Amino acid sequence: MNNIGVLMTCPMSEYLENQLENRFSLFKLWNHSSPKPDFLKTHSSSIKAVVGNTKIGADANMIDSLPNMEIVASYSVGLDKIDLGKCKEKGIKVTNTPDVLTDDVADLGIGLALAVLRKMCACDRFVRSGNWINGDFGLASKFSGKSVGIVGLGRIGSAIAKRAEAFNCSISYHSRSKKPNTNYKYYSNIVDLAADCQILFVACALTEETHHIVNRKVIDALGPKGILINIGRGAHVDEPELVSALLKGRLGGAGLDVYENEPNVPEQLFSLENIVLVPHVGSDTEETSKAMADLVISNLEAHFKGMPLLTPVL
Ligand SMILES: O=CC(=O)O
């Protein structure tokens with residue numbers, strides 16, 4: 001397969017780069033100083049596959065400039081950076097990396113809820129600053145037993161629910177339709193779900209339908225004691241509304257892994273003690289990163305050997 005051109009859109013995993021280099025003719029988009037369109041034009045005939053991620057996937061322009069592209073193998077579960085309509089129209093296959101990252105993302109979601117409620121980062125700053133000498137930290141809030149609402153009861157949402165159940169939390173959810181195999185309480189309306197839970201987790205896919213699904217109404221329904229945890233995509237939440245609600249105390253707190261304009265995070269959030277911010281690291285563990293890379297490789301190899309894809313999207 002050494003003569004098959006594979007384009008990696010940006011740095012994502014050194015291991016994946018090495019594995020791709022060993023098997024294919026690898027082009028690294030970020031290593032080319034010529035403007036992107038020129039680079040794509042020059043190499044368009046040899047590139048048959050694109051490996052993208054949550055930062056740069058395959059948009060309409062890229063797809064149009066690579067007429068021999070057969071497959072987009074995304075090093076991510078999210079597909080929002082891939083023009084799926086265009087891929088479908090052109091018969092381009094698409095794969096992603098579901099399942100292997102579910103545990104990590106769900107773990108981080110629960111970790112963020114614990115960190116916000118138990119004020120773990122504020123506690124850490126308190127100890128490091130030497131302030132303990134002057135008196136005790138004060139009280140935090142309990143996680144066990146709280147009511148949890150989940151937006152999107154797919155693989156990751158279900159894994160969050162399973163973990164929260166172990167903390168004796170009551171679970172309810174909102175999704176496009178009621179799931180047949182669960183006893184969790186279903187809300188067809190996200191505002192009602194937010195009004196009836198104490199911690200709202202966002203765990204759905206980003207689509208046109210779910211863009212800004214957490215808007216001012218949802219934030220206000222969650223209220224001054226409510227906690228928002230977002231391990232989905234920044235654009236699920238109307239960020240200016242979130243910032244304003246946190247600054248004015250209309251929302252109790254938030255744990256965020258994702259932002260609307262990554263890597264830019266609204267600086268007004270930096271001084272708030274009731275939030276925990278992490279830099280889109282949901283699946284970023286050694287173990288999962290390798291599993292995701294292996295899945296990307298296996299999908300590419302399956303495609304070029306004419307075998308069934310392991311995790312097909314299209
Ligand atoms: O955000 C992470 C992913 O989509 O894999």
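Please treat every number below as a calculation from the coordinates, not as lab data. Because the structure is a prediction, the values reported are computed rather than measured. Every residue, glycine among them, receives a Cβ derived from its backbone with ideal geometry; neighbour counts consider all protein chains shown.
Taking every DSSP beta bridge with both residues inside segment 101-277, roughly what % is antiparallel (nearest 5)?
Numbers: 1 of 25 bridges.
Here the share of antiparallel DSSP bridges comes out near 5 percent.
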Which cross-chain or sequence-distant (5 or more) residues have an amide H under 5 Å from the amide H of ILE150, H modelled 1.01 Å from N in plane?
SER172, TYR173, HIS174, PHE201
Table column - 3J(HN,Hα) (Hz), segment 59-73, Karplus curve with 6.51, -1.76, 1.60, x for Gly and Pro:
8, 4, 4, 5, 4, 5, 7, 10, x, 9, 5, 10, 8, 10, 10
Taking neighbour Cβ counts within 10 Å as the exposure measure, how do MET8, MET307 sort from fewest upward?
MET307, MET8
Starting at the first residue of segment 244-249, write each ³J(HN,Hα) from the Karplus equation 6.51 cos²θ - 1.76 cosθ + 1.60 with θ = phi - 60°, in whole Hz, x for Gly and Pro.
5, 5, 5, 5, 8, x
Among ILE71, GLY249, ALA302 - extreme Cα towards positive end, dipole of the chain, charges at beta-carbon
GLY249
Can you give the longest stretch of the chain with no exposed loop site, where a site means GluC sites (Glu not before Pro) in a DSSP loop (not H, G, I, E or B) with at most 10 other C-beta atoms within 10 Å?
1-207
May I ask you to list the chymotrypsin sites (Phe, Trp or Tyr not before Pro) in segment 124-207 that are in a DSSP loop and have at most 16 other Cβ atoms within 10 Å of their Cβ?
PHE137, PHE167
Counting only residues 5 or more apart in sequence or on a different chain, those whose built amide H sits under 5 Å from that of PHE27 are VAL6, LEU7, MET8
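Among THR9, THR311, which comes first, second and so on when ranked by fewest other beta-carbon atoms within 10 Å?
Result, fewest neighbours first: THR311, THR9.
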Between segment 153-184 and segment 240-314, the alpha-carbon center distance in angstrom:
20
Run the numbers for LYS305 and GLU273: contour at 0.36 nm per residue of separation, minus the present Cα-Cα distance, in nm.
6.2 nm
Can you tell me the Rg and Dmax of the chain, counting just the alpha carbons, in angstroms?
21.4, 68
Rounded to the nearest 20 Debye, what is the dipole magnitude of the chain about its Cα centre when Lys and Arg each give +1 and Asp and Glu each give -1 at the C-beta?
580
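Over the chain, what is the percentage of antiparallel beta bridges among all DSSP beta bridges, to the nearest 5?
Antiparallel: roughly 5 percent of the beta bridges in the chain.
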Name all residues of segment 1-45 having a backbone nitrogen under 17 Å from the label point set 7 Å from the Cα of SER298 along its Cα→Cβ direction, giving them as ranges.
16, 19-20
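Please say if segment 101-277 is rounded, prolate or oblate, where rounded means a/c under 1.5 for a ≥ b ≥ c the square roots of the C-alpha gyration tensor eigenvalues, and otherwise the choice is prolate for a/b larger than b/c and oblate otherwise?
Since a/c reaches 1.5 and a/b is larger than b/c, the shape of segment 101-277 is classed as prolate.
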Using Cβ counts within 10 Å as a stand-in for footprinting exposure, how do ILE56, ILE47, ILE133, ILE229 rank, fewest first?
ILE133, ILE56, ILE47, ILE229
